[in-house]
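The values are calculated or read from the model by the stated rules, or taken from the named source; none is laboratory data. No experiment lies behind these values; they were computed from the predicted model shown. All Cβ positions, even for glycine, are placed from backbone atoms using ideal geometry, and neighbour counts span all protein chains on display.
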Amino acid sequence: MKKLLIITIALLSLSVARADEGMWLLSKIKQLNIDKMQEMGFKLTAEDIYDVNKPGIKDAIVGLGNAGRPFRHFCSGEIISPNGLLLTNHHCGFGAIQSHSSVEHDYLADGFWAYKMEDELTNPGVTASILERMEDVTERVNALLNDNMSEMDRNIVIDSISAVIVKEATQGTQLSGQVQEMFEGNQFFLFLYTIYKDVRLVGAPPQSMGKFGGDTDNWMWPRHTADFSMFRIYTAPDGSPAEYSKDNIPLKPKHYLPVSAKGIKDGDFAMIMGFPGTTDRYTTSYGLENTMDVTNDIRYKVRTVKLEVMREGMEKDQKTRIQYASKYASCANYWKYSFEQNKALKQLNTMGNKQAIEKRFTEWVNADPARKATYGNVLNDIQKGYADMRNYAVATAYVQEALAGPEAHLFAYRAGRMIPDLCDKTVTPEEKAEIKEALKEMAKAFYKDFNTEVDAKLFAKLFKVYNDKVDADLHPDIIDFINKKFKGDYDKFANQLKTSSIFMNEEAFMAFLEKPDCKKLEKDLAYRAGKSFYEMWIKLSAYTGEMQEKITKGDRLFVRGLMEMEPEKAWAPNANSTIRLTYGKVGSYKPRDAVFYDYYTTLAGVIEKEGPKGGEFEVPARLKELYAQKDFAPYGNEYLSVNFITDNDITGGNSGSGVINAEGHLIGTAFDGNSEAMSGDIDFEENLQRCINLDTRYFLWIVDKYAGAKNLINEMTIIK
Ligand code: ARG
């Protein structure tokens, strides 16, 4: 009987395929994951993925960043040719594609293809990181820390030892290094990257394909989007990273991924490597409450207003539509996320799950006096931290979303700090000329995507939202000023701002630079608003410093306690923009009662969804023609697969990540998650969470048949 029971349980656990939570650290795969991965069908070894002594799959995985903050990877990508050709998402390349677009060359609307390397477009400021190696430096850092330190002292120690560790590792090399904390500050890892600085745009489909379905389909399955764009990494002639130069050559990667045209089936092994941004899996019920009632709720409500204003402006003319395309898309992305996440968190009773964990933790703590001494106050401290912070957290969220909604005042404050020098008698004419040049450059970049009417409207609407929603004692000066001087008429304020400020249009600003009257600055409404915004921001961080520290320390101890409570469990750290691997498989799912979602979609579905021209579901004429011809070979037969889903554990930042099969070939590019499991960043949803991927066959077919870019097809290794 007993034996039978054991067999039944074993069978059960086989059939209820357990999805694997975890964005794993590459250097721990051999120890924690490889056995399980091979059991699930992976045919290669841990060393094929990551090895300090030889190239591996990790050498083909790229983190996309910005020159100012290269470690804050906003997206991922993978190298798919011996010439540094890089595949990522359309929404990852969106900013670059937008920046090259104008009414004359609208690459967003029409797509862009470089049929020779000379035609590829440079993108100053975009960086591409490839991991050289990583190392666990926990012992070295923790040796200098203890529980009685203030958080500020602790941070100073961490920063200094990290600087030493990075210096030792990078001295005399071309590498860039970063020490990142894991598990809420309980562990520390050193990451060493080569960061390339010449990344050129190679190809992108029209946004009617690359963003097919728009905001309606965003975060949803079933999906039919060609969410890809292509770039190429260039290096100095000796292969080292270098800023753009016409003498640069295409990167010779240590590894590139062969692209599979063989297709996938339900249950196939799939792993994804990339740079997930942020998850919060170990947050407490108190942190969760803050996320739901403060962060998500406020973000959703304020952005609803903001999006409406932008949409109105974009509908008026093509220039504004291009100018605001990227801003609109990124605002809308997390607008919808916030809404869907709150819905899923309620639906799936994530609060209940958090409370259950806290109950178990408390029982474990109370069972032992030593534990009680260390962890006895942790949950209370966190609770108190959030309770004390509540009003300030609300104000902070409104500062971020509403006060920072319009833009002219932020530019005004940045520029305004340099302007007084232009009138200062002690500054030499040469220095003045230099400052003027710098300001002109800043202005050119800023006003390129700025519309006076849209911004003035944002001031009127969003500053009023702040006034209406935030306690009067947390109002910045500018809000009090508007209430007094304009009797709370925010439209009137915006009108006055629009007509009087030198920052509300490029001509006025440039004219000011030619004949600067610095006395005007302090009175300028945009400058005043900007200054007041920053002052409020600083005040709020000062007010909440102590509460923040309580929460940070509490979270760290909570996670340490949880890990002590279950020492046998393989723990995965939260995402933090460092390179990770997640494994799982291709698979259908049931989103709700009586509904079944298949694991792939086809081109027929694109045609089924077709909507009016200019709308979210427009299908380009050329795509319809090609569909009618059914010329899918060698990427399909009767049908062409478009998107598919896997149960991999990914999040924002993973966008563009390579989906890799058991043989190490690229089968897809990850680009989204499903709304039903939008709570997944806080609590992984075992049976519901899906990762939405572009099928490489649709990608290849578009490059080959739609764009006719044989040059690109020829440089890839395509597995047929
Ligand atoms: N939700 C996706 C992500 O955050 C972005 C999808 C972009 N597409 C769109 N229709 N907005 O990675």
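Has region 186-202 got at least one residue that is in contact (Cβ under 8 Å) with a residue 40 or more places away in the chain, more than 26 Å from A128 (Cβ to Cβ) and either within 12 Å of the ligand (Cβ to nearest atom) or part of a helix (DSSP H, G or I) (or both)? No, region 186-202 contains no residue that is in contact (Cβ under 8 Å) with a residue 40 or more places away in the chain, more than 26 Å from A128 (Cβ to Cβ) and either within 12 Å of the ligand (Cβ to nearest atom) or part of a helix (DSSP H, G or I) (or both).
Each residue in region 306-334 was checked for being surrounded by fewer than 18 Cβ atoms within 10 Å (Cβ to Cβ), away from the ligand (no atom under 13 Å from the Cβ) and in a helix (DSSP H, G or I), and 7 pass. Search region 246-257 for residues being within 25 Å of N53 (Cα to Cα) and in a loop (DSSP other than H, G, I, E, B), and hand back the single one that is farthest from the ligand (Cβ to nearest atom). Checking each candidate, the answer is K252.
Of all the criteria given as (1) modelled with pLDDT of 95 or more; (2) touching a Gly at 6+ places or on another chain (Cβ under 9 Å); (3) away from the ligand (no atom under 14 Å from the Cβ), the one not satisfied by I692 is (3).
Conditions (1) at pLDDT below 95; (2) surrounded by fewer than 22 Cβ atoms within 10 Å (Cβ to Cβ); (3) over 18 Å from F533 (Cα atoms), marked per residue:
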residue	(1), (2), (3)
D455	no, no, no
K469	no, yes, no
I479	no, no, no
D491	no, yes, yes
A494	no, no, no
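Taken residue by residue, region 338-360 has no member that is without any contact (Cβ under 8 Å) to a residue 60 or more places away in the chain and among the β-branched types (V, I, T). Report, by residue number, each residue of region 650-674 that is closer than 23 Å to M716 by Cα and not in a loop (DSSP other than H, G, I, E, B). Scanning region 650-674 gives G658, V659, I660, L666, I667, G668, T669, A670, F671.
Looking only at residues in region 203-245 that are more than 16 Å from the ligand (Cβ to nearest atom), among the hydrophobic types (A, V, I, L, M, F, W, C) and part of a strand (DSSP E or B), the one that is nearest to Q689 (Cα to Cα) is M230. Within region 569-579, is even one residue more than 16 Å from the ligand (Cβ to nearest atom) and within 23 Å of F699 (Cα to Cα)? Scanning region 569-579 turns up no residue that is more than 16 Å from the ligand (Cβ to nearest atom) and within 23 Å of F699 (Cα to Cα). Could you please find all residues in region 341-359 being crowded, with 18+ Cβ neighbours inside 10 Å and either within 10 Å of the ligand (Cβ to nearest atom) or not in a helix (DSSP H, G or I) (or both)? Answer for region 341-359, where residues must be crowded, with 18+ Cβ neighbours inside 10 Å and either within 10 Å of the ligand (Cβ to nearest atom) or not in a helix (DSSP H, G or I) (or both): just L348. State all residues of region 657-680 that are surrounded by 24 or more Cβ atoms within 10 Å (Cβ to Cβ) and closer than 22 Å to S338 by Cβ; if no residue qualifies, say none. Result: A670, F671, D672, G673, N674, E676, A677, M678, S679, G680.
For region 615-647, taking the residues that are among the aliphatic types (A, V, I, L, M) and under 32 Å from the mean Cα position of the chain (by Cα), the one that is nearest to A109 (Cα to Cα) is identified as V619. Which condition number in (1) out of contact with any helix residue (DSSP H, G or I) (no Cβ under 8 Å at 6 or more places or on another chain); (2) closer than 23 Å to K515 by Cβ; (3) among the acidic types (D, E) is the one that D421 fails? The one condition D421 does not meet is (1). Count of region 104-153 residues, restricted to those that are farther than 26 Å from T88 by Cβ and in contact (Cβ under 8 Å) with a residue 24 or more places away in the chain, is 11. Of all residues in region 650-661, one or more are away from the ligand (no atom under 16 Å from the Cβ) and touching a strand residue (DSSP E or B) at 6+ places or on another chain (Cβ under 8 Å).
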